Structures are given as C-alpha cells and as structure tokens.
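Below is one structure, written out as structure tokens; comments come after it.
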Amino acid sequence: MADVSFFENALGGFAPAKAATPPASAIDTIRFSRHRTIFISDTHLGTRGCKAEALADFLMHNDCETLFLVGDIVDGWQLKRRWYWTEAQNHVVSEILRKVDAGTRVIFVPGNHDEFARDYAGRLFGGIEVINEAIHETADGKRLWVLHGDRFDGVIAYAKWLAHVGDWAYGMALRLNDMLFAARKQLGLPYWSLSAWLKHKVKNAVEYISRFEEIVAREAESRGVDGVVCGHIHHAEIRRIGGVLYHNDGDWVESCSALVEDANGHMEILRWATPPQRCATPVSAAVAGKSKAALIPA
Ligand SMILES: [Mn+2]
C-alpha cells in the first residue's frame with residue numbers, strides 16, 4: 001500500500017544532528033566490535049516501544065561492511081495514528097547515515113510496518129539501498145535469503161485489521177511494561193518484563209513461532225538457498241530446520257537483539273544491554289533465549 005504522506009512528515013520531522021559522528025569519548029573501546037555483516041529488524045522507530053538509546057549505542061559500538069535493515073525499521077502504522085519521534089530516534093538515523101558515509105553498504109528490506117517503502121524497491125535513499133528481498137552470501141559461501149517474513153503470516157495476509165488490533169494490544173503491553181520498569185526501579189526492584197511474561201503465558205504465540213519458523217525454512221529450502229534471515233516475529237533464533245539454517249535477528253522493542261556474521265561466516269545473535277534503557281537483563285535474556293515464548297505477530 002503506497003502511502004508516502006507520513007514518510008514526508010518523517011523527513012520534515014527528522015532533524016539530523018550537525019555532527020553525525022559522536023565524540024570519540026562516547027565510544028567505549030572495550031565494547032567496540034567489527035563484523036562482516038549486521039542484520040537488525042523490528043526497531044519500530046516512531047513508537048514509544050522502540051529502545052532507541054540502546055539501538056544508537058549498539059550502532060555506535062558495532063561496525064560492519066554490510067548492514068541489513070530487515071524491515072519494520074520505521075513504524076508507519078503507528079506514525080499514521082500519532083507522531084512520536086525523539087532525540088534518541090534521531091540519533092539512530094544519524095548513526096545509520098554515519099555508517100553509509102563511512103562506506104558501509106546499507107540495505108533496507110522493508111517489512112509490513114514500513115511497507116510504504118516497498119514501492120521504492122531498487123531505489124537509493126540517503127545512500128541506503130531499498131530492496132524487497134535479497135540474497136546474502138556469507139564469507140564461507142553460504143547463500144542466505146533475506147526477507148522480513150510477514151508474507152508468511154496468515155493473519156496479516158488475510159485479515160489486516162486483526163493484525164492492527166494485535167499491534168495495538170502489544171503496544172499497550174510494552175507501555176505498561178515500561179511504566180512497571182520505572183516503578184520497580186524507583187522501588188529498587190530488579191527488572192521484570194510484563195510483556196515477556198504475558199507472551200510466556202500465551203501458548204498460541206509459541207505455536208505461532210514454531211509454525212512461522214518451519215514455513216519460512218521450508219520455503220527457503222524449496223528455493224535452493226542454504227539459509228534464511230528474517231525478522232517479524234520478534235524472536236531471535238539460529239537453528240537448523242530440515243536442510244536450511246533459519247536465522248531471526250530479533251527486535252529492538254524488547255529483546256534488543258541483532259544477528260551478526262564474522263569474517264569467517266560464523267553467525268551469532270547479540271543481545272545489547274545499556275544502562276539508560278536496560279532491556280535485556282540476564283534473566284529476561286535467558287527466558288527469551290531458552291523458551292519459545294515470544295510474540296504476537298508484530
Ligand atoms: Mn513485521
């Protein structure tokens with residue numbers, strides 16, 4: 001669906017900082033890493049749920065030759081309803097553009113929340129390549145199919161309004177979660193994720209995730225690729241399913257996770273925790289990593 005009005009608003013609302021490069025003192029060299037490729041998705045810029053401080057911090061401390069933005073980067077659904085844009089979200093955009101300037105190849109594979117960008121496939125925006133799906137070849141020669149993944153989501157394909165209701169409910173849960181986090185911090189209590197707990201309770205979400213993973217993997221196998229990289233379900237994962245490697249790079253509204261490839265083609269999930277917006281405590285990260293409990297399709 002082509003709707004560029006909010007995108008134009010976004011460009012109007014976006015005021016990049018003059019100095020795109022942060023002061024060197026802001027970078028902690030111990031936490032700095034270089035990767036061959038970074039995959040991130042489901043950052044949902046334009047929403048309150050977006051962990052923009054953590055994401056900007058991650059981008060500052062992780063460099064790569066190629067950065068894949070695997071969809072739901074800007075939340076058009078949310079921005080159409082209410083404009084929400086912060087300094088931290090500006091910082092995220094600046095960090096991405098700084099990578100473009102530094103020679104990183106940045107490829108944007110749109111998702112369902114930023115589907116407006118699908119009409120611009122094949123174009124360049126600020127040096128960012130827009131493409132609906134891509135094949136990424138790893139350092140060890142594996143061919144990975146890169147796509148957001150919403151096309152496998154029956155709910156989205158057949159009843160869009162239902163997906164929007166789910167989206168609203170999930171947004172509410174995340175906001176409650178943030179309020180609870182603030183209250184617990186005041187009381188000196190450790191972080192506890194309401195939304196993670198809710199998802200844990202929803203058995204359907206578990207089934208949904210497994211089904212999604214299997215369908216995506218099956219389609220990848222039929223295309224003759226060695227693996228697939230997607231996002232969409234906000235559940236980071238690397239596992240072999242049948243004849244292919246399934247990778248999901250997670251999200252930045254809750255788990256603050258990214259998928260990275262090293263110089264040898266080895267793939268790994270990073271979970272990024274920062275002091276200002278702590279979103280992946282050892283406990284919640286362990287829960288998210290070990291169990292199949294995650295999302296309502298988002
Ligand atoms: Mn999505």
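The values are calculated or read from the model by the stated rules, or taken from the named source; none is laboratory data. Predicted model, so just to flag it, every value in this text is computed and none were measured. FYI the Cβ positions are ideal-geometry reconstructions off the backbone, even for glycines, and counts take in every protein chain you see.
Odds and ends about this structure:
- On inspection, ALA280 does not qualify as farther than 25 Å from PHE68 by Cα, hydrophobic (A, V, I, L, M, F, W, C) and modelled with pLDDT under 55.
- Filtering region 216-246 to residues that are within 15 Å of the ligand (Cβ to nearest atom) and assigned to a helix (DSSP H, G or I) leaves only VAL216.
Every residue, every condition in (1) within 16 Å of the ligand (Cβ to nearest atom); (2) touching a residue at least 40 places away in the same chain (Cβ under 8 Å); (3) outside any helix (DSSP H, G or I); (4) crowded, with 23+ Cβ neighbours inside 10 Å, yes or no:
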residue: ILE38; (1), (2), (3), (4): no, yes, yes, yes
residue: ARG48; (1), (2), (3), (4): no, yes, yes, no
residue: MET60; (1), (2), (3), (4): no, no, no, no
residue: THR66; (1), (2), (3), (4): no, yes, yes, no
residue: GLN78; (1), (2), (3), (4): yes, yes, no, no
residue: TRP83; (1), (2), (3), (4): no, yes, yes, no
residue: HIS91; (1), (2), (3), (4): no, yes, no, no
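- The criterion of being at pLDDT 95 or above and more than 18 Å from the chain's Cα centre (by Cα) holds for ALA139.
- Members of region 105-127 that are within 16 Å of the ligand (Cβ to nearest atom), of a type outside the set (Gly, Ala, Ser) and either within 20 Å of ASP63 (Cα to Cα) or touching a residue at least 24 places away in the same chain (Cβ under 8 Å) (or both): PHE108, VAL109, PRO110, ASN112, HIS113, ASP114, GLU115, PHE116
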